[in-house]
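Peer 1: Mind looking over this structure? Questions follow.
Every number here is computed from the coordinates shown, using simple stated rules; none is lab data. Here the structure is a predicted model, which means the values were calculated and not measured. Cβ sites come from the backbone with ideal geometry, for glycine too, and all protein chains shown count toward neighbours.
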Amino acid sequence: MIIKAYYSGGRIDVFDTDHLVDGVPQPGNLLTNYTLDLSDVADDSLWLRSYYHEAVDAYRDETGPTGLPVARRRDGWSFLIADADDLERLNRLTMDGETVLARVAGELVDAAALSWAWECAEELAAKAAVAYRFLLGSTGAQEAVVLDAMGVPAECFEAMMAGQLSEASSGPRF
């Protein structure tokens, strides 16, 4: 994962999790889990945390739900991405090229949450409506079977369609 922090004045910081310099701090590591918690910004800092899944012979007898040995999650390290001074000048933060934080009208916006909400409203609801009509018409299956095939619970589908209908009849509300 590549994290880039873009600051006013032209400074860009790049953080690379793909190329660890020394693997010794995490012995037996089979999987690394990184957490960038955007809610940290409220505390005037932004941290990247790493956790690792340790696989050692001592755990071989402990099995998961499918009978495979379990690698236990261990706390790794915390890495300061931006402190309070940095956050005042941060314009944008990206993870693997996707903007996750952006300064708009002087405030930092959780662009990842905004993208999720937009995708639900603009893409997923419309996609569900088209898929529903297609599957219902082409298979002749009952509604419950169609919704199950789509992977959308009935209550969720109804809520998405209610949102589609209210926007279509009233237009954007801003």
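Peer 1: Students often check this: by mean Cβ neighbours within 10 Å, which of 45-58, 116-129 ranks highest, and how do the rest follow?
Peer 2: Descending packing order for the listed peptides: 45-58, 116-129.
Peer 1: Can you tell me the FRET efficiency between residue 12 and residue 80 if r is taken as the Cβ-Cβ distance and R0 is 22 Å, rounded to the nearest 0.05?
Peer 2: Step by step, r from the Cβ atoms, then E = 0.85.
Peer 1: Using a cut-off of 9 Å between beta-carbons, work out the net charge of the residues near residue 5 (Lys and Arg +1, Asp and Glu -1, residue 5 not included).
Peer 2: Residues near residue 5 contribute +1 overall.
Peer 1: Next question. As a check on your grasp of the helix formula, calculate [θ] at 222 nm for the chain: sum -39500 (n - 2.57) over DSSP H runs of n ≥ 4, divide by the residue count, round to the nearest 500.
Peer 2: Theoretical 222 nm ellipticity from helices: -9500 deg cm²/dmol.
Peer 1: Could you give P(r) for the chain, binned at 10 Å from zero, as whole percent values over all Cα-Cα pairs?
Peer 2: Computed distribution, short to long bins: 8, 24, 19, 24, 19, 5, 0.
Peer 1: For residue 32 and residue 136, what does the FRET efficiency come to when R0 = 45 Å and r is the distance between their Cβ atoms, rounded to the nearest 0.05?
Peer 2: Efficiency, from the Cβ-Cβ distance: 0.55.
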